[in-house]
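K.L.:
Please see the structure below; I have some questions.
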């Protein structure tokens with residue numbers, strides 16, 4: 001059998017109805033285009049996420065937070081309602097008891113705190129290499145007449161020197177203990193140091209940090225300053241008198257202290273501290289291409305002052321006074337990424353709040369896969385519609401060419417050959433649509449990448465420079481092959497119909 | 001004996017009721033090299049008989065042997081190959097493929113035989129030369145006159161050098177002058193040794209060219225006359241002249 005001759009015959013058939021066959025091909029094109037774009041985006045986003053996060057030991061890290069603990073006797077299956085009653089009533093009361101036990105659990109507060117003792121305990125867990133508290137605290141900051149309440153500070157891992165590459169003026173702190181601080185360029189900007197020269201000018205000067213008033217270990221956010229008008233607007237519904245409003249205004253400023261007191265003030269003997277720190281450098285916001293580290297960059301996105309963790313820890317202890325030093329967050333490093341999940345689970349079993357990058361990544365990956373699969377199915381509908389279009393076109397073509405098929409048969413075409421010619425015709429439509437879809441998708445990815453990168457830049461604080469749409473070889477092959485296969489499937493029935501044409505009827509003179 | 005038809009019946013089911021019989025026990029033997037005209041009114045079964053000889057159709061019962069091979073036992077594929085190798089068809093309505101050039105139409109049988117394009121072209125040109133249309137090779141059917149179209153169809157029928165040429169009213173759509181040309185080509189082919197079976201309802205045409213006239217009525221052979229070849233020879237010369245004057 002001469003394939004080239006058959007392809008020629010099929011091509012001739014296609015070219016005879018260019019308009020119709022082009023439209024049919026566009027159906028395949030749309031399906032393949034959409035499918036390629038969606039899978040490519042799914043692949044790309046996954047690469048963005050893993051690429052951003054998987055380097056630099058991130059996969060060995062687990063974020064550890066205080067937990068609510070677990071009360072063994074409050075497990076739902078162990079709640080028993082006793083007494084003589086109907087099963088229906090017992091079931092109702094049991095449900096009520098479960099609901100209330102859950103309320104008690106959440107209301108019991110942060111029963112598992114991150115203290116030095118509890119961290120020491122956790123360090124003994126298998127596969128745990130180290131646990132390092134992360135010190136994020138708010139202080140009041142005063143500098144050259146500028147004042148800010150509640151500026152976020154962050155204790156950097158001095159030895160890792162991770163943010164050093166972001167120091168745009170001055171230098172990295174000289175030691176883990178030195179009273180030296182790096183100021184974020186944004187804080188300086190809000191203070192009016194607009195140009196880089198102005199920002200660099202603060203290096204060598206001294207700023208003062210002091211503990212937020214009334215802040216014990218809870219270190220709550222200070223209340224925002226509010227004008228009487230603001231307060232009036234806020235409390236309009238309550239119809240407060242002038243005197244009451246004034247009282248609210250006064251009280252709101254001291255709310256942190258009052259809250260601390262209400263929570264059992266005498267246990268939490270916070271000490272007000274005040275410290276002069278020398279500005280040794282200006283730190284810039286991360287840029288695309290910076291090494292991303294969850295420890296430093298993931299936790300410090302809102303921090304304006306950075307100092308070595310040795311200093312941060314010292315300040316924390318001073319502020320705690322005779323009370324326990326309590327951390328808000330710690331970073332667990334496991335010996336190998338493969339153990340991250342198990343250790344995370346162990347921490348949760350103990351009642352702490354913990355999440356590992358690996359688990360988050362896995363969850364992200366699976367949800368991204370689900371989304372991609374669902375979207376692919378939706379686009380698959382476009383391909384199914386295209387298939388129906390092909391079936392329609394091919395049947396029309398067979399009907400139109402019944403006499404021609406009769407001639408083929410009279411001159412010796414076998415049924416198989418007749419089928420093959422129509423299958424080739426359809427395959428060519430599918431291949432053409434698939435190649436077009438792939439080509440246009442590849443072109444659309446260029447602006448698509450730019451748009452997607454802009455979106456990432458707008459929505460997150462981490463810039464990204466790589467490709468968001470990626471088109472691996474297997475995906476390049478998938479589009480045209482899928483288009484062709486679908487078209488061949490669509491042509492099976494019309495081709496069979498063509499092969500069953502009765503030459504006597506087809507050739508009858510009329 | 002190249003064709004041996006024995007008690008052949010062909011019935012069609014139309015709408016499921018009583019089957020309609022196009023052939024009712026037709027029996028006929030055709031010698032190799034004969035020029036046979038099947039003569040009869042429409043509905044006499046002559047076309048059905050011709051389609052059976054050409055392997056386009058199968059008998060309901062009875063036997064058709066061509067070259068000693070029983071057609072009714074062949075598979076669809078074997079019948080296709082049989083048509084490809086042994087049979088050439090010429091139809092009343094030419095049945096050329098409108099989108100193909102003359103030479104492509106002529107070479108169509110070779111496409112299914114798997115002959116490479118260059119050879120197809122060469123052989124098609126050869127055939128077109130023979131029917132006097134060498135200069136029309138690249139024309140499409142719509143650009144050709146009826147007589148030219150039928151000559152293209154004739155070239156297509158002969159390109160595989162069939163043993164039997166079947167004509168179903170090949171001159172039915174042509175005026176008398178063009179008909180003469182086509183008949184001349186038929187006679188010429190017959191002289192080369194090709195067995196010709198031609199269906200016609202025109203007794204005059206049969207009288208003038210056929211070496212044998214088989215009359216059919218109601219699906220059976222009712223008359224069979226062998227004739228001298230003299231007339232045909234004479235006619236051939238006249239027809240060839242006519243053809244060369246035109247071509």
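K.L.:
If we scan segment B:194-208, do we find a residue that is within 14 Å of chain A (Cβ to nearest Cβ), assigned to a strand (DSSP E or B) and farther than 21 Å from residue B:128 by Cα? Lay out the reasoning, then the answer.
P.N.:
Narrowing segment B:194-208 to residues within 14 Å of chain A (Cβ to nearest Cβ): B:199-201.
Subset that is assigned to a strand (DSSP E or B): B:199-200.
Add one more test, that the residue is farther than 21 Å from residue B:128 by Cα, and what stays is B:199-200.
Checked segment B:194-208: at least one residue is within 14 Å of chain A (Cβ to nearest Cβ), assigned to a strand (DSSP E or B) and farther than 21 Å from residue B:128 by Cα.
K.L.:
Say whether the condition of being within 21 Å of residue B:198 (Cα to Cα), within 13 Å of chain A (Cβ to nearest Cβ) and in contact with a helix residue (DSSP H, G or I) (Cβ under 9 Å, 6 or more places away or on another chain) is met by at least one residue in segment B:30-49.
P.N.:
yes
K.L.:
Something else: Of everything in segment A:478-496, what is surrounded by fewer than 16 Cβ atoms within 10 Å (Cβ to Cβ) and more than 16 Å from residue A:31 (Cβ to Cβ)? Give them in sequence order.
P.N.:
Within segment A:478-496, A:492, A:493, A:496 meet the criteria.
K.L.:
Among the residues of segment A:300-329 satisfying the criterion of being under 21 Å from residue A:459 (Cβ atoms) and surrounded by fewer than 17 Cβ atoms within 10 Å (Cβ to Cβ), which is nearest to the chain's Cα centre (by Cα)?
P.N.:
Of all residues in segment A:300-329, those under 21 Å from residue A:459 (Cβ atoms) come to A:300-303.
Narrowing further to those that are surrounded by fewer than 17 Cβ atoms within 10 Å (Cβ to Cβ): A:301-302.
Values: A:301: 15, A:302: 18 Å.
Within segment A:300-329, the match that is nearest to the chain's Cα centre (by Cα) is A:301.
K.L.:
Right, here's the next one. Select from segment B:68-99 the residues that are within 7 Å of chain A (Cβ to nearest Cβ) and assigned to a loop (DSSP other than H, G, I, E, B) and write down the one among them that is surrounded by the most Cβ atoms within 10 Å (Cβ to Cβ).
P.N.:
Restricting to residues being within 7 Å of chain A (Cβ to nearest Cβ) and assigned to a loop (DSSP other than H, G, I, E, B), the top hit is B:95.
K.L.:
Listed residues A:217, A:242, A:225, A:266; which is assigned by TED's automatic domain parsing to the domain that holds residue A:164 and either within 30 Å of residue A:464 (Cα to Cα) or modelled with pLDDT of 65 or more (or both)? Break it down stepwise before answering.
P.N.:
Numbers: A:217 fails: either within 30 Å of residue A:464 (Cα to Cα) or modelled with pLDDT of 65 or more (or both); A:225 fails: either within 30 Å of residue A:464 (Cα to Cα) or modelled with pLDDT of 65 or more (or both); A:266 fails: either within 30 Å of residue A:464 (Cα to Cα) or modelled with pLDDT of 65 or more (or both).
Testing whether each residue is assigned by TED's automatic domain parsing to the domain that holds residue A:164 and either within 30 Å of residue A:464 (Cα to Cα) or modelled with pLDDT of 65 or more (or both) leaves just A:242.
K.L.:
How many residues does segment B:134-178 contain that are within 18 Å of residue B:190 (Cα to Cα), free of Cβ contacts under 8 Å to residues at least 60 places away in the same chain and out of contact with any helix residue (DSSP H, G or I) (no Cβ under 8 Å at 6 or more places or on another chain)?
P.N.:
So the answer is 1.
K.L.:
Among the residues of segment B:145-184 satisfying the criterion of being more than 14 Å from chain A (Cβ to nearest Cβ) and outside any helix (DSSP H, G or I), which is nearest to residue B:50 (Cα to Cα)?
P.N.:
Narrowing segment B:145-184 to residues more than 14 Å from chain A (Cβ to nearest Cβ): B:145, B:147-148, B:151, B:175-184.
Pick out the ones that are also outside any helix (DSSP H, G or I) and you get B:145, B:175.
On the way: B:145: 27, B:175: 24 Å.
The extreme case among them is B:175.
K.L.:
Would you check if residue B:128 is part of a helix (DSSP H, G or I), within 20 Å of the chain's Cα centre (by Cα), crowded, with 16+ Cβ neighbours inside 10 Å and away from chain A (no Cβ under 13 Å)?
P.N.:
Judged against the criteria, residue B:128 is a match.
K.L.:
Sort out which residues of segment B:113-125 are part of a helix (DSSP H, G or I) and within 13 Å of chain A (Cβ to nearest Cβ), and write them in order of number. Spell out the reasoning first.
P.N.:
The first filter runs over segment B:113-125 and keeps only residues part of a helix (DSSP H, G or I), leaving B:117-125.
Matches in segment B:113-125: B:117, B:118, B:119, B:120, B:121, B:124.
K.L.:
Return yes when residue A:436 is in a helix (DSSP H, G or I), more than 14 Å from chain B (Cβ to nearest Cβ), modelled with pLDDT under 95 and in contact with a helix residue (DSSP H, G or I) (Cβ under 8 Å, 6 or more places away or on another chain) and no when it is not. Please lay out each step first, then the result.
P.N.:
Details: in a helix (DSSP H, G or I): yes; more than 14 Å from chain B (Cβ to nearest Cβ): yes; modelled with pLDDT under 95: no; in contact with a helix residue (DSSP H, G or I) (Cβ under 8 Å, 6 or more places away or on another chain): yes.
Here the answer is no, as residue A:436 does not meet what is asked.
K.L.:
Another question about this same structure. Conditions first: (1) facing chain A (nearest Cβ under 10 Å); (2) over 21 Å from residue B:186 (Cα atoms); (3) in contact (Cβ under 8 Å) with a residue 60 or more places away in the chain. Residue B:64 passes all but one, so which condition is the exception?
P.N.:
If we test residue B:64 against (1) facing chain A (nearest Cβ under 10 Å); (2) over 21 Å from residue B:186 (Cα atoms); (3) in contact (Cβ under 8 Å) with a residue 60 or more places away in the chain, just (1) comes out false.
K.L.:
Can you give me the number of residues within segment A:392-414 that are touching a helix residue (DSSP H, G or I) at 6+ places or on another chain (Cβ under 6 Å) and either away from chain B (no Cβ under 11 Å) or touching a residue at least 24 places away in the same chain (Cβ under 8 Å) (or both)?
P.N.:
Total satisfying the criteria: 10.
K.L.:
If I ask for residues that are within 16 Å of residue B:196 (Cβ to Cβ) and out of contact with any helix residue (DSSP H, G or I) (no Cβ under 8 Å at 6 or more places or on another chain), which ones from segment B:16-29 would you list? Break it down into steps so the answer makes sense when it comes.
P.N.:
As a first pass, look at segment B:16-29 and keep what is within 16 Å of residue B:196 (Cβ to Cβ): B:28-29.
Matches in segment B:16-29: B:29 only.
The values are calculated or read from the model by the stated rules, or taken from the named source; none is laboratory data. Predicted model only: the values in this text are computed from it and were never measured. Glycine gets a Cβ as well: all are built from the backbone with ideal geometry, and neighbour counts include every protein chain shown.
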